[in-house]
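Below: one structure, written as structure tokens.
Quick note: the coordinates plus some simple rules give every number you see, no bench work behind them. Remember, predicted model here, so these are calculated numbers, not experimental data. Glycine also receives a Cβ, built like all others from the backbone with ideal geometry; neighbour counts cover every protein chain displayed.
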Amino acid sequence: MADPPKKVTVTYTKETSTVKVVVFHPVANAATHYIKKITIKVDGKEVKTYNETTQDNNKTDTREVVLKGIKPGSIIEVTADCSIMGSKKGKIKVE
């Protein structure tokens, strides 16, 4: 049975300009059923894409990226795509 990602959390640390994405995707085998793509958009513009062939472990996949120039009020939206089926989005508004 294949399940899509359950949850995507997005955080932004202003002091380091770091976006952290945690995708909750419990699987039996992260080598064959994994998050294949993580796309990060800022205010609707794609700024970073990760294409994967496995996920970190059998529960989550985590990525961090430094994105300069993020302003208060910006919307950071992340889409995580499963290698078998489905996707999930998460987003935050930068304070």
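Counting other Cβ atoms within 10 Å, which GluC sites (Glu not before Pro) in segment 1-55 have at most 15 and lie in a DSSP loop?
Details: sites: 15, 46, 52; in loops: 15, 52.
The qualifying sites are 15.
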**OP:** Check the straight Cα-Cα distances from residue 68 and name the lysines below 28 Å, setting aside those fewer than 8 residues away within the same chain.
**Re:** 7, 14, 20, 36, 37, 41, 45, 48, 88, 89, 91, 93
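Give me the number: length gained by fully extending residue 18 to residue 2, i.e. 0.36 nm times residue separation minus the C-alpha to C-alpha distance, one decimal in nm. Intermediate results must be reported in sequence, preceding the final value.
Values: separation 16, 0.36 × 16 = 5.76 nm, distance 3.14 nm.
Here the answer is 2.6 nm.
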Subject >> Answer label for Cα Rg over 2.2 N^0.38 Å (calculated), chosen among [x] 1.19; [y] 1.46; [z] 1.07 >> reply: [z]
